[in-house]
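Here the structure comes first, spelled out in structure tokens, and everything after it is commentary.
The values are calculated or read from the model by the stated rules, or taken from the named source; none is laboratory data. Bear in mind the structure is a predicted one, so any value in this text is a computation, not a measurement. Calculation scope for accessible area: heavy atoms of the full protein, side chains included, ligands and nucleic acids excluded. Shrake-Rupley method; radii C 1.70, N 1.55, O 1.52, S 1.80 Å.
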Amino acid sequence: MGSHNVEPIFDHVGHFSRYQIFLYFVCAFQNISCGIHYLASVFLTMSPQHTCRPPGNVSQVLVRNISSWRLDDLWTLFSAGHEDRVVVQLQNGEIWELTKCHRFRRDNKSSLNYDYNGHKTSFPCSDGYVYDQSKWNSTVVTEWDLVCNREWFARLIQPMFMLGVLLGAVIFGYLSDRIGRRLVLWSTSTGMFFFGVAAGFTFDYYSFVVARFLLAMAASGYLIVVFVYVTEFIGMKSRTWASIHMHSFFALGAMMVALMGYLVRTWWIYQIVLSTVTVPFVLCCWMLPETPFWLLSEGRYEEAQKVVDTMAKWNRASSCKLSELLSLDLNGPVGNKTTEVKKHNLLDLFYDWNIGTRTLTLWLIWFTGALGFYSFSLNSVNLGGNEYLNLFLMGAVEIPAYMFVCLGMDSLGRRNILIFSLISTALICGVIMVIPKDYHIWSVGVTMAGKFAIGAAFGLIYLYTAELYPTLIRSLAVGSGSMVCRVGSIMAPLCVSLSSVWIFMPQSLLGILAFVSGLLTLRLPETLGKPLATTWEEATKLDAAKDSSSGELFPTTNNTVLEEREVINSEDSGLSE
């Protein structure tokens, strides 16, 4: 496809006026659904207290010196006795000891005592488990007994979802350039609704994982393409702010997950209710126009003209004739499409030693950002206190983080904000590790600060990466970073599960990675006020000039990566949530 400089169009019809604002908020609303599905597993996979189910009807329950006649009172007795072992007597007289993953039948049936030194026979939990339903009526864990030797099935649910995110980004990123942004937006949104509801109606674990995998592909495809869509409708004066704040709507989705988790305690109803959030967009997305960028690149000039005319009418501005405005482009190399374009591959990101180390450093930052972003959110329910409020606050704190990025990157510089965010994340992880276990409020407050810091780094890294590479390789650089980012998001739930090995293992790993990333960022050049590099020579000069002042140049906030057609390639979206 060819490329056109369409910025003069926005000079005529407006950079971010009524029409663009309407499209922006319509599309951003659907981002809420993406945030919902990315974090819905926090409560879907909750594992409540449990114990083996006895092989018959119970006549008496005993925990230490407290007894009851009903098995339903089991969790009250556990809470009072702080025990994980219960003794029950069946109606046939048998006495059983029940633990989380084993059960034992006593040979001596003569007396019901908690302590027993006689012979007993071990049996597997073949009759299932008894779950504490004081907080959740049911989760996927209780639905399919994903505990004990099947616990790893539950731990795979979120990594499999993130694997779907990775695959969806590749597939729909490619399709959006081939069949258009509008059709992909509609198909992915419909897929989010269909597969989201289907996940709630699944009857076994494997169909649930498949439905969630397909849901992840659709949600990821939407995130990729919606970023491209809105940026191709917004002029460069507002493009950077608008693109960064698309993340804020994703954060609203996390907050809605917390609210729905509090209100709905049955997993399949919770899943279906959350999936309905996408309905308003599915019903109205057919009215959205195709972007002038894509129509022009496909040679559909009359359709592009109609979109521009509609934009001008909404914005109460004078329209422009694309045939006149783009005449030079249409008659130039783009029009004849005979110019040979060299294809680039991953090895080009290691052009020389400096560029190679820059690439590896940025990949580490992408990985650390995604790992920290999801680790803080997924681990919020393990902080103590109210798990619903914890997750809500983890989502809410992202919004000021993105505001901080937008304000700070133009005054303090991209590199300085990134260093501050990463080093702060490392220090905060250290602070979390020394907070006593019972200080829930302190733990939540410090974790919020960590989410703020890593969220700021996560929101900035896309823009910073794009500014560090020349035009001919910029798309590949951002795309490779996005892929590394998604690997980090796949690893995040596994990282959180390491708390079973050592309670502070997730924080220690993230802290080390964030600290190393922050130190390595010191070696990267500052891009504030620097013109975009178009050649390798200009890109390498950034390293030579990184210690010099750049105050004589105007900041490039709004004419950075998104000004270039190559970076608005859908495969390289910055919304790598």
Open item on the list: What figure, in Å² to the nearest 10, do you get for the accessible area of Lys541 with a 1.4 Å probe and non-protein molecules left out?
Closed with: 130 Å²
Open item on the list: Suppose we look only past 13 Å in the calculated P(r) of the range 185-249. What percent of the Cα-Cα pairs does that tail hold?
Closed with: 66 percent
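For the range 383-442, just run the numbers: alpha carbon Rg, then divide by 2.2 N^0.38 Å, N being how many residues it has.
Numbers: Rg = 14.4 Å, N = 60, 2.2 N^0.38 = 10.4 Å.
Cα Rg divided by the expected 2.2 N^0.38 Å: 1.38.
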TODO: Using a 1.4 angstrom probe on heavy atoms only, work out the carbon and sulfur share of the accessible area of the range 79-137 in %.
DONE: 42 percent
Task: Cα-Cα pairs of the range 98-241 separated by more than 21 Å (percent) - done: 62 percent
Task: log₁₀ of I(q)/I(0) at q = 0.26 Å⁻¹ - the range 432-510, Debye sum with one point per alpha carbon - done: -1.24
Task: With every protein chain in place, the range 233-308: carbon and sulfur % of accessible area (1.4 Å) - done: 71 percent
Open item on the list: I'd like to know how the range 94-139 sits against the 2.2 N^0.38 Å rule of thumb: what's its Cα Rg over that expected value?
Closed with: 1.42
Open item on the list: I'm checking a number: the convex hull volume of the Cα atoms of the range 213-316, normalised per residue, in Å³. What is it?
Closed with: 137 Å³
TODO: Note down the accessible area of His245, probe 1.4 Å, to the nearest 10 Å².
DONE: 40 Å²
- [ ] Using the structure shown, select from Lys451/Lys541; Lys237/Lys306; Lys135/Lys437; Lys451/Lys530; Lys306/Lys530 the pairs with a Cα to Cα distance greater than 28 angstrom.
- [x] Lys451/Lys541; Lys451/Lys530; Lys306/Lys530
Task: Intensity falloff of the range 482-525 expressed as log10 I(q)/I(0), Debye formula with alpha-carbon point scatterers, at q = 0.17, 0.18, 0.33 Å⁻¹ - done: -0.58, -0.63, -1.04
